[in-house]
Amino acid sequence: MVAGQVIVDDAMVLARTEEDQLELAVRQHAQLVYRIAYSVLRNHHDAEDATQETFIRVLRAKRKLSSVDDPRKWIARIAWRVAVERRKKVPEVPIETSEAAVLTQLRSQLISAEDNVLGQEMAGLAQSLISALPAQLRDALTLSTVQELSPTEIAGVLEMSEAAVRSRIFRARQMLKEKLEALLEGNHGT
């Protein structure tokens, strides 16, 4: 009977350790998971749902958590997949304002206009330019700039080589630069 009790105690200790690992993972990575989900879904409520779904999947695979080399990268990859799956289910809402209209409005404002409004409009312009990028370039750029993941971490999330990640980020930045220059040149003469 004593041997049976030892086995039960060991199982309880192991279960408690797994619960502790899971709780620690949620505490450490909840913000990262939410930011990844939000960058893909661009909606607060959808991002919260995706965050919950991510940790449900982590809970289902909690035994694997202890054997993972980099839990942050593993959880980020799950978050990315959940968000992309949700994005496929929910159609994207088209952006109503064109980049040119926003830029024209910015140029027509007085220099004394509030910086907050200007910042919001510039952020909107940047978001619309980023949204217009091809998905594979947009995804790498978003994970790099918004989520502040390293190329190595992005490679793990997107399941590609680090060189491919660096290339996509470079191409995305080049495309953004060209689009912004075209907008500025197009509105400069008008």
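Take the residues of the range 58-68 that are assigned to a helix (DSSP H, G or I) and farther than 12 Å from residue 26 by Cα: which is modelled with the highest pLDDT?
If we take residues in the range 58-68 being assigned to a helix (DSSP H, G or I) and farther than 12 Å from residue 26 by Cα, then 60 is modelled with the highest pLDDT.
The rows are residues; the columns are (1) more than 15 Å from the chain's Cα centre (by Cα); (2) β-branched (Val, Ile, Thr); (3) buried (at least 20 other Cβ atoms within 10 Å of the Cβ).
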| position | (1), (2), (3) |
| --- | --- |
| 142 | no, yes, yes |
| 146 | no, yes, no |
| 150 | no, no, no |
| 153 | no, no, yes |
| 163 | yes, no, no |
| 175 | yes, no, no |
| 180 | yes, no, no |
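Results for (1) in the same structural domain as residue 69 (by TED's automatic domain parsing); (2) at negative phi; (3) assigned to a helix (DSSP H, G or I); (4) at pLDDT 75 or above, shown as yes or no for each residue.
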site	(1), (2), (3), (4)
105	no, yes, yes, no
117	no, yes, yes, no
123	no, yes, yes, no
133	no, yes, no, yes
143	no, yes, yes, yes
154	no, yes, yes, yes
163	no, yes, yes, yes
167	no, yes, yes, yes
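Against the definition (under 24 Å from residue 140 (Cβ atoms) and free of Cβ contacts under 8 Å to residues at least 12 places away in the same chain), how does residue 68 come out, yes or no? First the steps, then the outcome.
Working: under 24 Å from residue 140 (Cβ atoms): yes; free of Cβ contacts under 8 Å to residues at least 12 places away in the same chain: yes.
Against the criterion (under 24 Å from residue 140 (Cβ atoms) and free of Cβ contacts under 8 Å to residues at least 12 places away in the same chain), residue 68 qualifies.
The values are calculated or read from the model by the stated rules, or taken from the named source; none is laboratory data. It should be emphasised that the depicted structure is a prediction, and the values quoted were computed from it without experimental measurement. A quick note on method: Cβ atoms are made from the backbone with ideal geometry, for glycine too, and the neighbour counts reach across all protein chains shown.
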